[in-house]
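Just so you know, all these numbers are worked out from the coordinates, no wet-lab data involved. Since this is a predicted model, take the numbers as computed values, not measurements. When we count neighbours, we look across all protein chains shown, and the Cβ atoms used for this are built from the backbone with ideal geometry, even at glycine.
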Amino acid sequence: MKRKPMIAGNWKMHMTTKEARELVSGLLQEIGDVDTTAVDILVAPPYTALSAVKETLSGSPVLLAGQNMHWEEKGAFTGEISPLMLKEVGCTHVIIGHSERRQLFGETNETVNQKLKSAFSHGLAPILCVGESLEQREAGRTTSVIEEELEKGLNGLTTEQVQSMILAYEPIWAIGTGKTASPEQAEEVHAFIRKWLISKHGEAAAEKIRVLYGGSVKPENIEGLMAKENIDGGLVGGASLKADSFAQIVKRGS
Ligand code: 13P
């Protein structure tokens, strides 16, 4: 049996507080008839909009996530945000290791690992992103890159922790490019991730872990992706910025 799907919207650096309220109000209207026992819906707004989004979501089952966090609770870390701060505004989840953090802001597998450990110790469920660049894919290194990200990122985590987290496969070449991985290309990597999880944490744990696909997910391609055995949902960037397209992805993906 497949896992409960999750459709997650990563807003990246988009949406003022006012725009965020409008987007979420629109989304709640559009998904009014969705059976949320059958799909988890999550949004990850920028930090400044988290409180406003939480307020607008009041009473709805839509989950809230931060897009990143520091591993420390507080300190002299200008520009960073802590797990306590995310928890306080109502986040239950946090995205860790997005490729934009890795490529543009120097995130490494080691800092990813520290952040994952901190998320667990603060009761935040992490969504760990992994994925290869076009250059790495063309050099035949896709699975070795993913394996290294998993080995180092999840280093020292218990099976209990790993089975409560969410993974997202986001091929860098498919992010924001309009060029989605085909369902077959995505499934190949998702199956590899599942096999790796089985080998490290056993079949029972591995079968519980949701692995989302991210990279130019749209209403038109979500069904084909979700039809694959090891694809358990979508992590959506651009198409999560409009209530109707995100709602369509939720409906078609569940
Ligand atoms: P796009 O859906 O805009 O390609 O972004 C994907 C992504 O990076 C989600 O985290």
Mean Cβ neighbour count within 10 Å, used as a protection proxy, ranking 140-148, 164-172 highest first = 164-172, 140-148
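Rounded, prolate or oblate: pick one for the chain, where a ≥ b ≥ c are the square roots of the eigenvalues of its C-alpha gyration tensor, a/c under 1.5 means rounded, and failing that, prolate if a/b is larger than b/c, else oblate.
On the way: a/c = 1.44, a/b = 1.12, b/c = 1.29.
Note, shape of the chain comes out rounded.
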Using amide H atoms built 1.01 Å from N in the peptide plane, name the residues 5+ places from E170, or on other chains, whose amide H lies under 5 Å from its own.
-> V130, G131, G214
Between the alpha carbon centres of segment 160-194 and segment 1-28 the gap in Å comes to 19 Å
Can you grab the distance from the C-alpha centre of segment 195-254 to the C-alpha centre of segment 32-73, Å, no decimals?
-> 17 Å
Calculated SAXS-style log₁₀ I(q)/I(0) at q = 0.10, 0.20, 0.23 Å⁻¹ - segment 129-254, Debye, Cα scatterers = -0.30, -1.12, -1.34
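Of the listed pairs K74/K195; K228/K251; K115/K208; K74/K117; K200/K242, which have alpha-carbon separations greater than 27 Å here?
Flagged as over cut-off: K74/K195; K200/K242.
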Treating only Lys and Arg (+1) and Asp and Glu (-1) as charged, each at its beta carbon, one finds that segment 84-127 has a dipole about its Cα centre, in Debye to the nearest 20, of 60 debye
Choice from G75, G156, G106 showing the highest fluctuation, given a GNM over the chain with Cα pairs closer than 10 Å | G75
Give the long-range amide H neighbours of N68: residues separated by 5 or more places, or on another chain, with amide H under 5 Å away, using H modelled in the peptide plane at 1.01 Å from N.
-> I95
Karplus-derived HN-Hα couplings along segment 134-143 (A = 6.51, B = -1.76, C = 1.60, θ = phi - 60°), whole Hz, x at Gly and Pro = 4, 4, 5, 4, 5, 8, x, 9, 3, 5
Enumerate the calculated ³J(HN,Hα) couplings along segment 238-251 in order (Karplus 6.51 cos²θ - 1.76 cosθ + 1.60, θ = phi - 60°), each rounded to whole Hz, writing x wherever the residue is Gly or Pro.
-> x, 6, 8, 8, 10, 4, 6, 6, 5, 4, 4, 5, 4, 5
Tabulate in residue order the Karplus-calculated ³J(HN,Hα) for segment 162-177, using 6.51 cos²θ - 1.76 cosθ + 1.60 with θ = phi - 60°, rounded to whole Hz; enter x for Gly and Pro.
-> 4, 6, 9, 9, 10, 10, 9, 8, 10, x, 4, 5, 9, 7, x, 9
Search the structure for amide H atoms under 5 Å from the amide H of G234, placed 1.01 Å from N in the peptide plane, and list their residues when 5 or more places away or on another chain.
-> M6, I7, A8, Y213
